[in-house]
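Visitor: A single structure is presented below for examination.
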Amino acid sequence: MIKRILIALDPDQDTPIATNFALNLAKRFDASVTGLAVVDTSNIYPTGITGEPDVTHHARNLWEELTDEARRVAEDLLKSFEEQVKKAGIAYTAVRKEGASYERIIEGMKYHDILIVGKDSHFFYNEPKRDTKTLAEVVKNGVSPVLVVTNRINEMKRVLVAFDGSKPSARSLKSFVHLLPYGNDLEMELLHVRSKNSDGESALSLEYAEIFLRKHGFQKVTKTIVSGNKPSAEILKRCDETEADLIVLGAHAVSAIKRLTFGSNTHDLITKSETPLFLSP
């Protein structure tokens, strides 16, 4: 059951959509939402703060200017969040924190049932176009499921579960089932991407996963096995074929979000998917 929802606010087009996703869930569960804006001072603070007086003075002035700018962005984000939530009549909390963005978000996840965030979020308010590893760190080290939204709101009817029998894919499936964010009257497709050299255990893994789903009240369950050496491409292809509204996957089962941190497969899913993703650490 969902009672507390965390939204990581960022000055990108996904953030209002992430808030809408959160509001829809909050109405469904009579839950509250928390809007979190993080002024990432770890990104702003200059490394060389000592030296000649003029250089030190300039560095401190620059740090203060960038910090003030980021604080203004944070306040604007919180103001927009509050306006959107008040119109919906949902209980909320608006929070501004300072420090490393991924650390503050992970800390907030400890006391919320789910994090909702846009896939294009960067979190460095003074450099809104700069790519960061924040989302990767949050998914890798967080303590609650993450719903990564795209630029559209889907009515959840069909869910594609990327399942390979691994612990990460099992954790994500179990988190989705136990939270029941969209009930159990969903069309659930269990998809296994089998490499050409894999053994025959994939069918057995899907069978066990189907039993688990049916025991939890999901009655519209199908199983699909496809062959391919690039799981992300096969998942996206199947998602398009079935017009799935959500993809459930393990963050480490198909690698994850940023190439330098995790690998390439979920990086492809994050960057290329037009369908929201549900992941669990």
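Laboratory data are not the source of any read-out in this text; all were calculated from the coordinates shown. This structure is a prediction, so every number in the text was calculated from the model and none was measured. Reconstructed Cβ throughout: ideal geometry from the backbone, glycine too, with neighbour counts over all protein chains shown.
Visitor: Ranking request for peptides 87-99, 163-175: highest mean number of other beta-carbon atoms within 10 Å first, then the rest in descending order.
Guide: The most tightly packed comes first, giving 163-175, 87-99.
Visitor: Still on this structure, please answer the following. Which entries of 133/272; 87/119; 27/140; 27/167; 140/167; 174/223 have Cα-Cα distances beyond 23 Å here?
Guide: 87/119; 27/140; 27/167
Visitor: Treat the count of other C-beta atoms within 10 Å as a stand-in for reagent exposure and order 81, 29 from fewest to most.
Guide: Taking fewest neighbouring Cβ atoms as first place, the list is 29, 81.
Visitor: Run the simple label-point estimate for residue 93 and residue 141 please: 7 Å along Cα→C-beta, distance reported in nm.
Guide: Spacing of the two 7 Å Cα→Cβ label points: 2.2 nm.
Visitor: Give me 185, 12 sorted ascending by neighbouring Cβ count inside 10 Å, so fewest comes first.
Guide: Starting with the residue having the fewest Cβ neighbours, the order is 185, 12.
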